[in-house]
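This report concerns only the one structure given below.
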Amino acid sequence: MLNHDFLSPRIWLVRSIALWLPCLAVAATTQPEIDLAAVHEVESVVDKVVLYRNVASIEQFAELELEPGTHEVVFAGIPADEVSVEAIRASVQAPWQVLGVDTSVRSVGDELSDRPEVEALRIAREGLRRIQLQKTGVEADLVLLGMVGVRAASDAAGHAGTASLDLDALRAQFEFIRGQRTSLQEALLVIEQSLADATEEVQRAEKAVKAMTRPDEIVARVRITAATGGNARVSIRYLSRNSGWDPAYSVRSNPGSDTMAIEYQAMIRHQAGADWSNIDLTLSTAMPSRPSGPSEIIPVFVDRRPDSRPARKAANQALAMDEDPRDQGVFRSSGIDAAVNSAGTAVTYRLPQRVSIPSDVSSATRLRIAEFAAPTTRVLVTRPVADPGVYLRADAANNSEYVLLAGEAALFTGGEYLGSTQLKEVPAGGNFEVWFGIDPSISVVREVLGRDTERTGLLGGGRQTTTNYRIDLANLAGKKVSVEVWDRRPVSRNEDIDIRVVDVSPALAGDQDYLETAAIRGFLKWDIDLAPAGTEAASASIKWQTRVSRPKDLEITPIPE
């Protein structure tokens, strides 16, 4: 027997749902749509641009008077090939509120089919095609006429010396062929001129069509609402891929000053279609990207160790190449400012006044970010083992609040342009160096005076190679100078090979930075003061020896000079 007390609640629930379902269906089908008071297609202008290194965040706005209710504001003309549709955002000031943004891509090609420029291009192309066919026909006639002439000459040669040869008829044939050829050649000249004219006409027509042709555009429909009416400022913001900026510098050095003038500039690349007129521009070092999750963890395994001798040998060879002293960097020559805002690793520079930047795919616009005087020490440097020249190096400090990004710097000294160089990134408060090329007022000559290998030890069980070096410097200028001289010694990678530097005159440099870095890598450094030219101390010599000792049966790599 069924338990009616148990079933009755279930029956009641089922009956209740059955009674409510028609009501729910009616409610779902009769829900009113958003009642738009009006649709407004507006002419918007670009107001603010945040320019990153390879992309631009563009904000453009429109102002319009709106009645209370819900409205749709349509922004058109956004280039579809430059903007990510999903990145378009909208905003409006209170009391208005943004309900949503719909975006679509509108093709403008179909709108041009009835334009007279398009019809003119079609007619010009048809005319060009007709002239090309005429030229092809005349050229074919000339070929055929040439074949007729060859046949006539062949027939005449076959009857030569016989009664069948009719000279008058042959002469008439050749005269006919000559006349036809002349007519065809004159016609071909006229056709070629017409062909050139028709080609120019097609090019002009294509240029006219291209001038009025626009790429596909994005249409953004912004729905806004408010209980009261008034003047609304509606803005959209999006990322454009065809714009960016690169740092550039002008470095001006005055030999008589203890500072250098550094002008920090931005090379603006704007290829986003319409010109930017009177915009609020901010430069940023950030790199916009989509949020992402953490990197995947790669599994690791423990297994039997294979024979690692070849790997050790390869690793040792790689280490030897990496640590070769000849490869070390010490031997390689190498108005109102913008407001700075630093957030983490990104830095932004907001220009103090509005600017206008034309859209140009062939050139960049140079804007000044800031200018400051960098405290500078000038040093003459020579590395005669690698380069016989003496170079001027400026050791400067970035005492500004700006991060100097890596970029190209134009160099000036005494008002003269010297050329350009690359600056590495320098943080605010950091130090950097700038090379100004060769100073011809100092001469340097490096020589290897001799090399000798002799036996060592009680029974002659060892070998020692001694090499003598000399560097001569002379000051040809009329002022005192200091020269930083660099050389090198061999570096041992085998415990059986002992290398020493002896009889050094004058003594090597003793600054802590050199002793802790370059010295342990085998570099030699001297700080030499030279008096003005014409005095006794205007020249100096550096002398030293290297001694390489090893067992007699140990073959070593060549000792460089």
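A short reminder: the numbers here are calculations on the coordinates, not readings from a lab. All of these numbers come straight from a predicted model, not from anything done at the bench. Cβ coordinates were reconstructed from backbone atoms using ideal geometry, including for glycine residues, and neighbour counts include every protein chain displayed.
Residues with amide H under 5 Å of Val390's amide H, sequence separation 5 or more or different chain, H placed in the peptide plane at 1.01 Å from N; which?
Asp439
With 10 angstrom as the radius, rank Tyr417, Tyr249 by how many other C-beta atoms surround their C-beta, starting from the fewest.
Fewest to most other Cβ atoms nearby, the residues stand as Tyr417, Tyr249.
Going by how many other beta carbons lie within 10 Å of each one, how would you line up Thr467, Thr382, fewest first?
Thr467, Thr382
Return the sequence-ordered ³J(HN,Hα) values of the stretch 444-457 in whole Hz as given by the Karplus equation 6.51 cos²θ - 1.76 cosθ + 1.60 applied to θ = phi - 60°, using x for Gly and Pro.
Karplus values, whole Hz, x for Gly and Pro: 9, 10, 10, 9, 9, 6, x, 9, 9, 10, 9, 7, 9, x.
Using alpha-carbon pairs under 8 Å, 6+ residues apart, how would you state the relative contact order of the stretch 363-512 in percent?
Answer for the stretch 363-512 is 21 percent.
Taking a ≥ b ≥ c as the square roots of the Cα gyration tensor eigenvalues, with a/c under 1.5 meaning rounded and otherwise prolate when a/b beats b/c, else oblate, which class fits the stretch 464-561?
prolate
Can you give me the relative contact order of the stretch 456-561 as a percent, contacts being Cα pairs under 8 Å and 6 or more apart?
Reported relative contact order: 47 percent.
Identify, among Thr535, Val448, Pro506, the residue whose Cα sits farthest towards the positive end of the charge dipole of the stretch 442-551, taking +1 on the Cβ of Lys and Arg and -1 on the Cβ of Asp and Glu, with the dipole about the Cα centre.
Val448
Run the dipole for the stretch 442-551 about the Cα centre, Lys and Arg Cβ at +1, Asp and Glu Cβ at -1, nothing else charged, and hand back the magnitude in debye, nearest 20.
Charge dipole of the stretch 442-551: 360 debye, to the nearest 20.
What nm value, rounded to one decimal, do you get for the distance between Thr136 and Glu371 when each label is placed 7 Å out toward the C-beta?
6.6 nm
Can you pull a Stokes-Einstein diffusion coefficient for the stretch 349-409 at 10 °C (1.306 mPa s), Rh from Kirkwood over Cα pairs, as a whole number of µm²/s?
This corresponds to a translational diffusion coefficient of 100 µm²/s.
As an exercise, identify the trypsin sites (Lys or Arg not before Pro) in the stretch 355-429 lying in DSSP coil whose Cβ has no more than 13 other Cβ atoms within 10 Å.
Lys424
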